[in-house]
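Visitor: Below is the structure I would like to discuss, written out as C-alpha cells.
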Amino acid sequence: MSFRIALSGLNAARSDLSTTAHKVANVNSTGFKSSRAEFADVYGVTARGVGANLIGSGVRLSNVEQQFSQGSIEFTDNGLDLAVNGEGFFTLSDGGGLTYSRAGAFGTSREGYVENAQGHRLQVYAPST
C-alpha cells in the first residue's frame, strides 16, 4: 500500500513538471497563457465507503487550470500586430468555422485579408454610423 502512495506522489510530481516544462517551452510564444497544475487527495475506501479513520492513499492530478491573467503588451515594428488589454479574444475564421485567440501577430495575405501565421482571417464588425 505504501508503495502505491509513493508512486502517486511521483506521478503527481511528474504532472507538475510537465506543466512547468510546457510553460518554459512557450515562454516566447505570442499570446501564450500559462497553466497551473491542481492536485487532490486520494482516500482509502472500504466496502462500506470512505471511512472516517482511514489515512490518505496518495495524491492525484485533479485539473490543469489555464491562467487568463493579463500579459505584457510589447510594441513591434509591424503595424498589424494587435493586443487585447483586459478581457476578450480576437475572432478568426479558419475557412468556415470560428476560432478565438489572444495572439495578435497579424499580416496580410495575397488577397489583402488580415491573417495570422496559420492563415486564419481576422473577423471584424462593420463600422457603425
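The values are calculated or read from the model by the stated rules, or taken from the named source; none is laboratory data. Computed from a predicted model, the values in this text were never measured in an experiment. For neighbour counting, all protein chains shown are included, and Cβ atoms are generated from backbone atoms with ideal geometry for every residue, glycine included. Surface areas here come from the heavy atoms of the whole protein model, side chains and all, with no ligands, DNA or RNA. Shrake-Rupley method; radii C 1.70, N 1.55, O 1.52, S 1.80 Å.
Visitor: Taking the conditions exactly as written (at pLDDT 85 or above, among the hydrophobic types (A, V, I, L, M, F, W, C) and surrounded by 12 or more Cβ atoms within 10 Å (Cβ to Cβ)), does Val64 satisfy them or not?
Guide: yes
Visitor: Somewhere in segment 98-115, is a residue open to solvent by less than 80 Å² (accessible area, probe 1.4 Å), aromatic (Phe, Trp, Tyr) and assigned to a loop (DSSP other than H, G, I, E, B)? Outline the logic, then answer.
Guide: Of segment 98-115, the ones open to solvent by less than 80 Å² (accessible area, probe 1.4 Å) are 99, 101-107, 109, 112, 114-115.
Next cut, aromatic (Phe, Trp, Tyr) only: 106.
So of that shortlist, the ones also assigned to a loop (DSSP other than H, G, I, E, B) come out as 106.
Yes, segment 98-115 has at least one match.
Visitor: I need every pair where a residue in segment 67-87 that is surrounded by fewer than 10 Cβ atoms within 10 Å (Cβ to Cβ) has its Cβ under 6 Å from the Cβ of a residue that is hydroxyl-bearing (Ser, Thr, Tyr), sequence separation at least 6 or different chains.
Guide: none
Visitor: Next up: Can you tell me which residue is least open to solvent (accessible area, probe 1.4 Å) among those in segment 1-42 that are touching a Leu at 6+ places or on another chain (Cβ under 7 Å) and in a strand (DSSP E or B)? Steps first, please.
Guide: Of segment 1-42, the ones touching a Leu at 6+ places or on another chain (Cβ under 7 Å) are 12, 15, 37, 39.
Okay, now just the ones that are also in a strand (DSSP E or B), so 37, 39.
On the way: Ala37: 17, Phe39: 88 Å².
Here the residue is Ala37.
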